[in-house]
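The values are calculated or read from the model by the stated rules, or taken from the named source; none is laboratory data. Here the structure is a predicted model, which is why all the values come from computation and not from measurement. Positions of Cβ are backbone-derived with ideal geometry, glycine not excepted, and every protein chain shown enters the neighbour counts. Areas reflect the complete protein model, heavy atoms only, side chains present, ligands, DNA and RNA absent. Shrake-Rupley method; radii C 1.70, N 1.55, O 1.52, S 1.80 Å.
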Amino acid sequence: MTRDDGSIHHDRHSAARNWASFLIPALIFLCGIAFFAARPFSLTDYPLDDAWIHRVYARSVAHGDGFAYNPGVQEAGSTSPLWAVVTAPAHWFEPLGTKAVVIVAKIVAVLLGLVSLRIVQGVGQYLGGSRASGVVAASLFALEPRFLFSTLSGMETPLLLMLWLSATLALIHKRWALSLILFGLSAVTRPEALILLPVCFLAWFLIAGRKERGVFRKSLGIICCLPALLWAVFCEMVTGHWLPNTFYLKAQSFHLGGDQFAIAWSALRQHGIASVPVFVVGVAAGAAFGLLRARRSVSGWLMLLFLLGVPLVYFLGVAGTREISLSGYYWTRWIDPVALVLTVLTCIGIALLLSATTS
């Protein structure tokens, strides 16, 4: 056996062991989903009418009617066209009844949640340098109640989280094209996620080599921005605005005072791991390990940028343009992507702390 063959064999064996170790967080997550879904209506209903609006657009996509809320009339009322497209196949099960459609759509969200968990494991293992740190980080995140609830909510949060984490992992491994494509798709999952794409562009421009930037200029720039551009053109043609009309109805002119910040921060800290003191400890630990990694490579800076810096900017944007109340899921759901990404950093930080204290 040559050295190259041995290296390939080692890589395959290592990948197999990584996937085998993923069974632990995956089983924890699926048990949590089963616990949530066992409650009345959790499996066959949604906690918010907006989730049913997504179903209407998804049904139109599934039947080849485009983005029509009413038959034959194209509308730009969806703030998450990609979520409608991804869950459209659920409506092929309509002959089995509405409950079947809802269950299949939730299964799609569960699959996205499993992908997110696998990425959390990958980032934790990469930064911690051990398989155990990745498994612990993913297992902790699998217990996050906000993550479990969002997965079954019928909203686009699981899709945005998966794209955000996938693109971040791609950046850490300097897979620039993949990261830019994923962030481009994020922009048609939530309007606020548009902020991710220019930040990724900036990171690419500052870090990527001249050859990579040269290849990018030829094609990838258009490809990465294409989803957002196409959706913006569609919205402008249908409504005369460049974003969905529901975004303008719910957003307001930016104003961020102390009261708005306090309410938004309370919404972020209201549920799950974010509600306990270990959240702050975990974020601080994750940031510290990211800085230590940054001394050896840019991966630490990229992790901090997209798991800490960008989420905080996203948070300020939502806090300054949304009327947030603590009275229910309708008012707090805009904060969920930020809370979940910061919780990922928390879980990674705790995992690395445990790894450091036991080694």
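Of note:
- Scanning segment 63-76 for residues that are at pLDDT 90 or above and either open to solvent by 70 Å² or more (accessible area, probe 1.4 Å) or within 22 Å of Ala232 (Cβ to Cβ) (or both) turns up His63, Asp65, Gly66, Phe67, Ala68, Tyr69, Asn70, Val73, Gln74, Glu75, Ala76.
- In the set (1) in a helix (DSSP H, G or I); (2) modelled with pLDDT under 95, Pro40 fails one condition alone, (1).
- Among the candidates Ala142, Ala137, Ala170, the residue that is on the phi < 0 side of the Ramachandran plot and either touching a His at 6+ places or on another chain (Cβ under 6 Å) or surrounded by fewer than 24 Cβ atoms within 10 Å (Cβ to Cβ) (or both) is uniquely Ala170.
- Only one of Tyr69, Tyr57 that is aromatic (Phe, Trp, Tyr) and assigned to a helix (DSSP H, G or I): Tyr57
- Qualifying residue in segment 159-168 (condition: at pLDDT below 90, touching a Leu at 6+ places or on another chain (Cβ under 9 Å) and of a type in the set (A, V, I, L, M)): no
- Which listed residue is open to solvent by 70 Å² or more (accessible area, probe 1.4 Å) and of a type in the set (D, E, K, R), from Arg118, Arg131, Arg59, Arg55: Arg59
- For His173, the criteria (1) in contact with a Cys (Cβ under 8 Å, 6 or more places away or on another chain); (2) closer than 24 Å to Val199 by Cβ hold in every case but one, which is (1).
- Residue ranges of helices (runs of 4 or more DSSP H) in segment 244-359 with at least 2 members surrounded by 19 or more Cβ atoms within 10 Å (Cβ to Cβ) and touching a residue at least 60 places away in the same chain (Cβ under 8 Å): 258-268, 278-294, 299-304, 310-321, 336-358
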